[in-house]
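The block underneath contains the structure these notes are about, expressed in structure tokens.
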């Protein structure tokens, strides 16, 4: 593709998250929001009007009219919606989790290869400025602690909290630790739905790192934090506030060691905007996206392993 050419983009599914994809794409330089697809005609009409674009009747009608598509439909339809587009050469950013199963994830990866199209997966926390700033300060994490707690939602109740919320942190941890998982200990509780609403997971990696994750969609307060403990330092990220805190052990030539550190300046920016900028640039230059299909599959595989080993408390 000509690196100077405008990218024609569309969004399929403009509900809770898809409408934000449409909003951002309509403002990105070098991008034309060419259409909106949604099963709710009134919602599609409203979002299209808000961003001066058109309502497209179905996903198939986008082929030949766009270069890139964001698929923000329910997980159950990801493979069905994204697969034909990828095979037709249309690049796709598919929301997390990328598919219902590893088999469907493999279908999407193969479809992208067959169509020579870019496949990206919407693990937005990878683009959180505080996470990006923390990476440069992480050397060899030995213990990782995660709390992702949210209030009861009106969406994504068809999947366990592991696939709904925890998968964000599973992806971030996998991208940082760089080691295979050796053991999983997990417990989950269905509280307000037949699915798991709160879960605690302990992962042990082959390199010795331990990660303890708690995810809940039934909490009173919202918390989204990840903390890293490594030799001589502690790194804490507040996803929501986009704040980074770093503390280090200092050993002076003489006297007792001390602790110094505090908040590290972070240039705040909307992670979803950074994600879409990366996707558009990957399509334009034909380079791999930051979170390719293979990474989305890896996070999905770990989420499936976690749920398969989970002890359910009822």
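Given the criteria crowded, with 22+ Cβ neighbours inside 10 Å, more than 20 Å from residue 282 (Cα to Cα) and modelled with pLDDT of 95 or more, does residue 120 qualify? No.
Condition test on residue 289, is it in the same structural domain as residue 185 (by TED's automatic domain parsing), farther than 17 Å from residue 130 by Cα and assigned to a loop (DSSP other than H, G, I, E, B)?
Numbers: in the same structural domain as residue 185 (by TED's automatic domain parsing): no; farther than 17 Å from residue 130 by Cα: yes; assigned to a loop (DSSP other than H, G, I, E, B): yes.
So residue 289 fails the test.
The criterion of at least 2 residues that are closer than 30 Å to residue 234 by Cα and touching a helix residue (DSSP H, G or I) at 6+ places or on another chain (Cβ under 7 Å) is met, among strands (runs of 3 or more DSSP E) falling completely within the stretch 57-142, by 119-122. Touching a residue at least 12 places away in the same chain (Cβ under 8 Å) and farther than 23 Å from residue 288 by Cα: does that describe residue 109? When the stated conditions are applied, residue 109 does not pass them.
The condition (being surrounded by 12 or more Cβ atoms within 10 Å (Cβ to Cβ) and free of Cβ contacts under 8 Å to residues at least 24 places away in the same chain) is satisfied by just one residue among 281, 270: 281. There is no residue in the stretch 166-188 that is touching a strand residue (DSSP E or B) at 6+ places or on another chain (Cβ under 8 Å) and at pLDDT below 90.
Among the residues of the stretch 183-201, those that are within 23 Å of the chain's Cα centre (by Cα) and free of Cβ contacts under 8 Å to residues at least 60 places away in the same chain comprise 195, 197, 198, 200.
Taking into account only those residues within the stretch 6-29 that are touching a strand residue (DSSP E or B) at 6+ places or on another chain (Cβ under 6 Å) and in a loop (DSSP other than H, G, I, E, B), which is farthest from residue 57 (Cα to Cα)?
Within the stretch 6-29, the match that is farthest from residue 57 (Cα to Cα) is 6.
The values are calculated or read from the model by the stated rules, or taken from the named source; none is laboratory data. These numbers were taken from a predicted model, which means no experiment stands behind them. Backbone-built Cβ (ideal geometry, glycine too); neighbour counts: all protein chains shown.
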